[in-house]
Amino acid sequence: MAGKVFFSVSMSLDGFVAPEPVPDQDELFAPERRDDPDVRRWLAQWTELQQWVFPLRFFRENLKLGEGGEEGLDNDMARETFGRTGASVMGRRMFDLGERSWPEEAPFHTPVFVVTHTKRDPWERPGGTTFHFVDDGIEHALDRAREAAGDRDVRIAGGGATILEYLNAGLVDEFSITLSPVLFGSGTRLFDGVDASRIALEPLRSQPSSRVTHLTYAVRRR
């Protein structure tokens with residue numbers, strides 16, 4: 001039996017999954033822009049949003065940062081998300097940013113299908129991650145991910161626009177939000193443009209930790 005299609009993201013209290021973007025993502029990695037206020041603000045806000053994951057034992061293990069790290073609910077949630085995922089789908093914008101920031105052994109360890117408009121040969125990385133580039137639509141990318149995942153789940157990894165596209169197409173079964181106690185004021189809203197007339201949510205879990213609150217919902221058709 002095929003697994004579920006889900007997404008799992010960190011979100012600010014005011015509904016953003018990423019800060020207001022800098023004018024050009026390449027500027028995040030340009031040495032001459034490291035002291036630019038816009039770049040520093042974006043990196044600081046993104047780090048604050050994701051701060052709950054950095055101390056975790058699973059995070060350290062997955063990125064091979066050494067032994068140790070915190071255990072508990074947050075660690076269990078991160079490990080559960082990784083363990084259920086047999087393949088991932090992401091948008092080209094997320095891939096372009098990650099290609100320059102992920103370590104050589106990218107932290108997926110499964111096939112990843114990148115929704116794009118550009119043909120490109122698969123990109124194989126150490127540790128079991130191979131990026132496949134799909135240029136004929138989100139449904140075909142998901143079909144390929146399902147086939148690769150087998151009886152495990154497919155994660156829509158991001159970014160926000162790609163998640164919303166799959167959600168509005170009725171292709172998401174479940175999602176989890178890690179609600180982080182930060183405010184952005186502007187940025188990428190997760191549900192900006194959602195087709196609320198077609199989507200109903202069923203609460204499955206609400207689990208607070210000392211840092212964040214984990215919310216899980218099943219997605220139903222209205």
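The values are calculated or read from the model by the stated rules, or taken from the named source; none is laboratory data. Just so it is clear, the model here is predicted, and its values are computed rather than measured. A quick note on method: Cβ atoms are made from the backbone with ideal geometry, for glycine too, and the neighbour counts reach across all protein chains shown. Protein only, heavy atoms only, side chains kept; ligands, DNA and RNA dropped before computing areas. Shrake-Rupley method; radii C 1.70, N 1.55, O 1.52, S 1.80 Å.
Against the list (1) at pLDDT below 95; (2) within 20 Å of residue 159 (Cα to Cα); (3) open to solvent by 60 Å² or more (accessible area, probe 1.4 Å), the condition residue 39 fails is (3).
Filter the range 110-162 down to the residues that are under 19 Å from the mean Cα position of the chain (by Cα) and among the polar types (S, T, N, Q), then identify the one that is farthest from residue 95 (Cα to Cα). Across the range 110-162, the extreme among qualifying residues is 110. None of 40, 60 is more than 27 Å from residue 149 (Cβ to Cβ), basic (Lys, Arg), free of Cβ contacts under 8 Å to residues at least 12 places away in the same chain and not in a strand (DSSP E or B) except 40. Checked against the criterion of being closer than 21 Å to residue 54 by Cα and surrounded by 15 or more Cβ atoms within 10 Å (Cβ to Cβ), the candidates 212, 219 yield just one match: 212.
Among the conditions (1) closer than 29 Å to residue 130 by Cβ; (2) open to solvent by 60 Å² or more (accessible area, probe 1.4 Å); (3) part of a helix (DSSP H, G or I), the only one that residue 65 does not satisfy is (3).
Residue pairs whose Cβ atoms lie under 9 Å apart, separated by 6 or more positions or on different chains, with the first residue in the range 65-87 and touching a residue at least 60 places away in the same chain (Cβ under 8 Å) and the second of a type in the set (Val, Ile, Thr) and outside any loop (DSSP other than H, G, I, E, B), are 74/178; 77/178; 85/154; 86/154; 87/112; 87/154.
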